[in-house]
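Have a look at the structure below before the remarks.
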Amino acid sequence: MSELSLLPMSEDNYTAAAQIEAECFADRPWTAEQFHEEITLDFSRTFIAYLGGEPAGFVNIWLTPPMAIINNIAVREGFRRRGIAQAMINAALGECGECSSLTLEVRVSNQPAIALYEKLGFSQVGRRRDFYENPREDAFIMTKFFRKGAAEQDAE
């Protein structure tokens, strides 16, 4: 397998994230302008995964202690099942130093993603009805707590 690298999103590569987003999501994909704006936000981190020099995926997180949120994670179809999503989630987890939890939403039908999140220590904590469109579908809210008592702290 070619070497996987994760690079922070920058002025040089934000359009790659937008292209991956458009390719992977029919449901209100972010625009290149929205990705560019993320570069300017001090609480936002986006990593782009490259495999063999090709942009393969990205993850965007917001660090808002005590919580962190994965806004979006995507892996291009031809690059799936190669450990890229796991590497990107691990990078996101590495940014969560001051946070007590990391939360994301996932389509209830996306069993491969749910299995990965559970493997990485996330658990289902809720459900958002009709969260997704194209097709309309619920989302599970999944959270990984980093410290004992974090769920109570996050609720405050």
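The values are calculated or read from the model by the stated rules, or taken from the named source; none is laboratory data. Quick caveat: nothing in here was measured; it's all calculated off a predicted structure. Here Cβ is always computed from backbone atoms with ideal geometry, including for glycine, and neighbour counts include all displayed protein chains.
Pairs only if they're at least six apart or on different chains, beta carbon under 9 angstrom, first in the stretch 3-24 and closer than 25 Å to N134 by Cβ, second part of a loop (DSSP other than H, G, I, E, B) and of a type in the set (S, T, Y); list them, first residue then second.
So the pair list comes out as A18/T31; E21/T31; A22/T31.
Could you check how many residues of the stretch 25-66 are outside any helix (DSSP H, G or I) and either β-branched (V, I, T) or touching a residue at least 60 places away in the same chain (Cβ under 8 Å) (or both)?
Qualifying residue count for the region: 10.
Return the total of residues in the stretch 1-18 being part of a helix (DSSP H, G or I) and surrounded by 15 or more Cβ atoms within 10 Å (Cβ to Cβ).
Of the residues in the stretch 1-18, 4 are part of a helix (DSSP H, G or I) and surrounded by 15 or more Cβ atoms within 10 Å (Cβ to Cβ).
Filtering the stretch 1-21 down to residues that are among the small types (G, A, S) and modelled with pLDDT of 95 or more, which residue is nearest to L51 (Cα to Cα)?
S5
Select, from I39, I73, the only residue that is within 19 Å of E105 (Cα to Cα) and either within 12 Å of the chain's Cα centre (by Cα) or aliphatic (A, V, I, L, M) (or both).
I73
A56 is checked against (1) modelled with pLDDT under 95; (2) surrounded by 16 or more Cβ atoms within 10 Å (Cβ to Cβ) and fails just one. What number does that condition carry?
Just one mismatch for A56, condition (1).
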